[in-house]
Amino acid sequence: MPSKKEIESVLQQDTKTRFEYAIKRIAGNEEVWVAEYNNEFLLMGDDEDNEVFPLWPHEEYVQVFCDNGRPDYKPTSITLDDFIELYIPDCEKKNQKIGVMPMPNGASVVVDVDIFMQAINAELDKYL
């Protein structure tokens, strides 16, 4: 669990640093966090009209995001294995992108599923 100081610091970082931080924490904790409301996960859009599945490395980041305009949504965790086995294929089928660690204003690092998986697998390889 990140401290308040760590959260504030990470939210001030550039997109590349936030992406790397998120990938390391997701791989290290073997879970992703999403925003959920009425058993449905939040989906967002990007500037190119892509549907984006947002995720975060810790509950606290989802809560900060939800507290800024999405009060009905709540943080929900998914094991990394379940996310890879159950949700990644669905994202690929629907041509969704992955939004890594959206900021309270909605801005995030949006990547193709294969880029997300390459980054996660590279990080997971460090733990073997």
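The values are calculated or read from the model by the stated rules, or taken from the named source; none is laboratory data. These figures come from a predicted structure and were not determined experimentally. Every residue, glycine among them, receives a Cβ derived from its backbone with ideal geometry; neighbour counts consider all protein chains shown.
Annotations
- Selection status of Ala27, of a type in the set (Gly, Ala, Ser), in contact with a helix residue (DSSP H, G or I) (Cβ under 6 Å, 6 or more places away or on another chain) and at pLDDT 95 or above: yes
- Some residue of the stretch 45-52 being farther than 17 Å from Val110 by Cα and more than 14 Å from the chain's Cα centre (by Cα): no
- Restricting the stretch 1-32 to residues that are among the polar types (S, T, N, Q) and not in a helix (DSSP H, G or I) leaves a set whose member that is farthest from Ile98 (Cα to Cα) is Ser3.
- Hits in the stretch 30-57 - residues which are among the polar types (S, T, N, Q) and touching a helix residue (DSSP H, G or I) at 6+ places or on another chain (Cβ under 7 Å): none
- In the set (1) out of contact with any Ser or Thr (no Cβ under 7 Å at 6 or more places or on another chain); (2) of a type in the set (Phe, Trp, Tyr); (3) under 19 Å from Gln96 (Cβ atoms); (4) touching a residue at least 40 places away in the same chain (Cβ under 8 Å), the condition left unmet by Phe65 is number (4).
- None of Asp49, Asp114, Asp81, Asp90 is at positive phi, of a type in the set (Asp, Glu) and either out of contact with any Leu (no Cβ under 8 Å at 6 or more places or on another chain) or crowded, with 19+ Cβ neighbours inside 10 Å (or both) except Asp49.
- Per the listing Glu59, Glu40, the residue uniquely farther than 16 Å from Ile26 by Cα, surrounded by fewer than 17 Cβ atoms within 10 Å (Cβ to Cβ) and among the acidic types (Asp, Glu) is Glu40.
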